[in-house]
Every structure is written in structure tokens, then in C-alpha cells.
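Engineer: Starting off with a structure, shown below.
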Amino acid sequence: MPRNSTHGDFDDLVSAAAADLRPICRTLRKLITSRHTGFVEVVWPAQHIASYGVGPKKMSEHYAYIGVQGSHVNLGFYHGASLSDPDGLLEGTGKKLRHIKIRSVADASRAGVTELLLQAIADRTRWANEA
């Protein structure tokens, strides 16, 4: 996506994060991009998020986001309320959105995190193929 006043690139997000959160951001991005070869990434530096999906539309085509917070990084799921979460990792009470608070690289590498991501990718891929 071309850089403009609204969008940036992943390095913009990482450079704005606290130093101890930068490895977490990079690990989460690697997790996402290694599981979905056809991903679309849109970065909103002002919102402190990088968003991933099957197309550029945030709420309909995206499945996950990396959101930098003050003391942790959220791995959020736009349609997380519909995901199976046997490990109880997801937080949030909204109609659709859920997130996992990631406080370390080890947190990002847990099997349950990968499983939720794979479910989210499959859901949006299925949705895109039906649309």
C-alpha cells in the first residue's frame, strides 16, 4: 500500500513502540506472515496498529491486528467472538472483536495463539471465497 498521511509501514509502528515491545511486534508479524502467504497488511501509525487480512477493508476483510499498548502488545481478532478458544486466551466483550495481551516473545509463541490465528485466517479466507 502506498505511503500517505494515514498509512505507514511496519517499521513506523515498531519504531514508535517501547524498546521492550519491539521484539514482540516483530514476532507477531512473522507469525502472521508465515501462516498466510497472500496477506494484505495495512498500517495505521496514528492508531498504533498493523492490520492483516485478505483485502484492504479493515472490518470485513481483515482477520487480525497487532496493536501496540503502553506495557504490552495486543494480538487482536476482528471476528474473535466466533473463534473457538479452548485455552481461554481471548479477552474482550464486544460484539465481534477479541484480543490477546502479549507481554513477551514467549507469549506470542504459545500454541493456542497460533491456533487462534489459523482459525481467523481460515474464516476470512472462506468468507472471501464465498463473497
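Engineer: Those residues that are among the basic types (Lys, Arg) and free of Cβ contacts under 8 Å to residues at least 24 places away in the same chain, I need them from segment 15-55; list them, please.
Structural biologist: ARG22, ARG26, LYS30, listed by residue number.
Engineer: Limited to segment 54-78, what total is found for residues that are assigned to a loop (DSSP other than H, G, I, E, B) and of a type in the set (Gly, Ala, Ser)?
Structural biologist: 3
Engineer: Is there any pair linking a residue in segment 79-92 that is farther than 21 Å from GLU61 by Cβ and in contact (Cβ under 8 Å) with a residue 12 or more places away in the chain to one that is outside any loop (DSSP other than H, G, I, E, B) and β-branched (Val, Ile, Thr), with Cβ under 6 Å and at least six apart or on different chains, and which?
Structural biologist: LEU89/ILE100
Engineer: Can you find, within segment 79-99, the residue that is surrounded by the most Cβ atoms within 10 Å (Cβ to Cβ) among those that are assigned to a loop (DSSP other than H, G, I, E, B) and among the polar types (S, T, N, Q)? Don't jump to the end; show me each part of the working.
Structural biologist: So in segment 79-99, the residues assigned to a loop (DSSP other than H, G, I, E, B) come out as 79, 83-90, 92-97.
Now drop any that are not among the polar types (S, T, N, Q), which leaves 84, 93.
Values: SER84: 9, THR93: 7.
In this case the residue turns out to be SER84.
Engineer: OK, next. Of all residues in segment 100-119, how many are closer than 16 Å to ILE32 by Cβ, exposed (fewer than 14 other Cβ atoms within 10 Å of the Cβ) and among the small types (Gly, Ala, Ser)?
Structural biologist: Final tally of qualifying residues: 2.
Engineer: Determine the pairs where a residue that is over 11 Å from LEU28 (Cα atoms) and modelled with pLDDT under 95, located within segment 99-117, has a partner that is among the small types (Gly, Ala, Ser) and outside any helix (DSSP H, G or I) with Cβ atoms under 8 Å apart, the partner being 6 or more residues away or on another chain.
Structural biologist: none
Engineer: Being surrounded by fewer than 18 Cβ atoms within 10 Å (Cβ to Cβ) and not small (Gly, Ala, Ser) is the filter here, so list the residues in segment 50-71 that pass it.
Structural biologist: Of everything in segment 50-71, those that are surrounded by fewer than 18 Cβ atoms within 10 Å (Cβ to Cβ) and not small (Gly, Ala, Ser) turn out to be PRO56, LYS57, LYS58, MET59, GLN69.
The values are calculated or read from the model by the stated rules, or taken from the named source; none is laboratory data. What you see is a predicted model; the values in this text were computed from it and never measured. Reconstructed Cβ throughout: ideal geometry from the backbone, glycine too, with neighbour counts over all protein chains shown.
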